[in-house]
Amino acid sequence: MKKHISGLVLGAGASSRLGQPKQLLPFRGTTLLGWVVNQAERATGLDEVIVVLGRAADEIRGRVDFGNAKVVDNPVFVEGCASSYRAGIGAIAPQSDAIMIILGDQPGIDPETINRVADEWRRGDGQIALASYQGRKGHPMLFARPLFDKLVGLHGDKAAWKLVDANPDLVRLVPLDRPFPKDINTVEDFQRAAENDYILHNTNTLDSERQENAEHAE
């Protein structure tokens, strides 16, 4: 029987560096968050999509097309991404075997990438799977049900990485021959993206192995 995977799109951050809700930035005929949610919904590897909102949740609900995704609020989003894990896991289907974490400010994560991570995990028996972009670890990352309790017990930002780093024997890397997907944190990020017809991937291989500040969509 096919294992059930719940997609968890993190869109609860405060957008402190941008100065406005990045979720609502206009992007390819929709909004930045709307685009990411649509990519997740188009991925056949996911059985459901949950979107977690925080700051400006009411405004975002009114302006973003969530399709068939389930939207939940994280009233304590200031506590970091771990609080969004708790909100999202509390809303998934009871038969879910795993959650896949997708960042709401990383539109370069497309259905093909999501499906690759999902398929690789379903073929194996590991408890953690994550994308590896030409050797650089990143999202989406998947955690199997046995780790749900540990996820909800985490605190602060970059929380999922703490679980990955503490359990290397449980991690299955999914190799992808493509550059690391770029995230949007500042006005400059967005302007560069717009000027270049949106470069979905970050080609700077001199960056650190992973963008730790991308753990939670700010």
Under 17 Å from a point placed 7 Å out from the Cα of LYS3 along the Cα-to-Cβ direction: which residues of segment 167-187 have their backbone N that close? 167-175
Sparse-neighbour loop sites [GluC sites (Glu not before Pro); segment 6-78; at most 13 other C-beta within 10 Å; DSSP]: none
The farthest towards the positive end of the charge dipole of segment 47-194, of the residues VAL187, ILE102, GLY126, given +1 on Cβ of Lys and Arg and -1 on Cβ of Asp and Glu, is GLY126
Cα extents of segment 89-151 along the three principal axes, largest first, in whole Å? 32, 26, 20
Under a point-charge model restricted to the Cβ atoms of Lys and Arg (+1) and Asp and Glu (-1), what is the dipole moment magnitude of segment 84-199 relative to its Cα centre, in debye to the nearest 20? 400
What is the order of THR113, THR186, fewest Cβ neighbours within 10 Å to most? THR186, THR113
Gained length - ASN167 relative to ARG28, 0.36 nm times residue gap less alpha-carbon distance: 46.2 nm
Dividing the mean separation of Cα pairs under 8 Å (6+ apart) by the residue count of segment 5-214 yields a relative contact order in percent of 22
Quickly rank 174-185, 62-73 as a protection proxy: mean count of other C-beta atoms within 10 Å, highest first. 174-185, 62-73
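Any read-out appearing in this document is the output of simple, stated calculations on the displayed coordinates, not a laboratory observation. On a predicted model such as this, the values are computed, not experimentally measured, just so you know. Quick reminder, even Gly has a Cβ in these numbers, built from the backbone with ideal geometry, and neighbours come from all protein chains shown.
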